[in-house]
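Presented below is the structure to which this report refers.
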């Protein structure tokens, strides 16, 4: 009987070890898959290697922040369509914003390779030149967006937060509102809520549980409008253009 019990215990222990090994193996596979997915999103092709007949998908994104009085323009390009490989412009191909060639370039876990910053609210004209001289001009203006404002609040209670934003009502399905709260002590912690419609922003105590009483945070409202495809698209590749209007306030967490 003792031998039977020992054998059963050893068999059970062996099964548990096998299960743990399998779970560990699957976890490693999942982590590897996620890493490869992230790396593949950063994969790029130099544009001069494309055949001249390949159309290019244009992706333009502009953020106007009325609190900081800044404009950030971003651009990205893909071969053939939105699912094609991302392009790093090379050779005679180039992208300018308001005749500015100098830009910030990054292909490390970013949605857009190219970025320009202005210390003012500035309308943005993207001028994209392909390898063989064809030029595409597309503009995003501050008037294309829908301004949004946070009311006069100075604190956020741990019990919850509710307020009505002010600004122009949206007349379609092409806009959305995103509310984020970022602690000044730890910018890696973000509380985010997405509101497709309605004027009321509401966060519950459950949403705010990671914040501490007395902590200083920045609340940001972002109003995103989908402007559709670029007016000057490259063949059937199409593209997308978004304008974002931001308002921000520094607040303190209370009981």
Taking the number of other C-beta atoms within 10 Å as the exposure measure, put 165, 147 in order starting with the fewest. 147, 165
Debye sum, Cα scatterers, segment 44-143, no solvent: what log₁₀ I/I(0) at q = 0.10, 0.22 1/Å? -0.27, -1.17
By per-residue mean of other Cβ atoms within 10 Å, what is the highest-first order of 49-57, 73-81? 73-81, 49-57
Per q in 0.11 1/Å, what log10 I(q)/I(0) does a Debye calculation on the alpha-carbon atoms of segment 112-180 return? -0.51
Arrange the following residues from fewest to most other Cβ atoms within 10 Å of their Cβ: 184, 66. 184, 66
Correct semi-axes for segment 177-255, from √(5λ) of the alpha-carbon gyration tensor and rounded to whole Å with the largest first, are 34, 13, 10
Determine the gain in length on full extension of the stretch residue 254-residue 206; use 0.36 nm per residue of separation and subtract their C-alpha separation, reporting nm with one decimal. 15.8 nm
Using only the Cα atoms of segment 117-255, what are the Rg and Dmax in Å? 18.6, 63
Report the calculated FRET efficiency for residue 132 and residue 226 (r = Cβ-Cβ distance, R0 = 25 Å), to the nearest 0.05. 0.25
Length gained, residue 176-residue 81, 0.36 nm per residue minus C-alpha separation, equals 31.8 nm
Which distance in nm do the two modelled labels at residue 125 and residue 159 give, with both placed 7 Å along the Cα-to-Cβ direction? 5.5 nm
Ranking 226, 247 by Cβ neighbours within 10 Å, fewest first, what do you get? 226, 247
Residues of segment 220-255 with amide N under 19 Å of the 7 Å Cα→Cβ point at residue 197: 223-226
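Read the figures in this text as sums done on the coordinates, not as results from a lab. Worth saying up front: this structure is predicted, and the values here are computed from it rather than measured. As a convention, Cβ positions derive from the backbone with ideal geometry for all residues, glycine included, and neighbour counts pool all protein chains shown.
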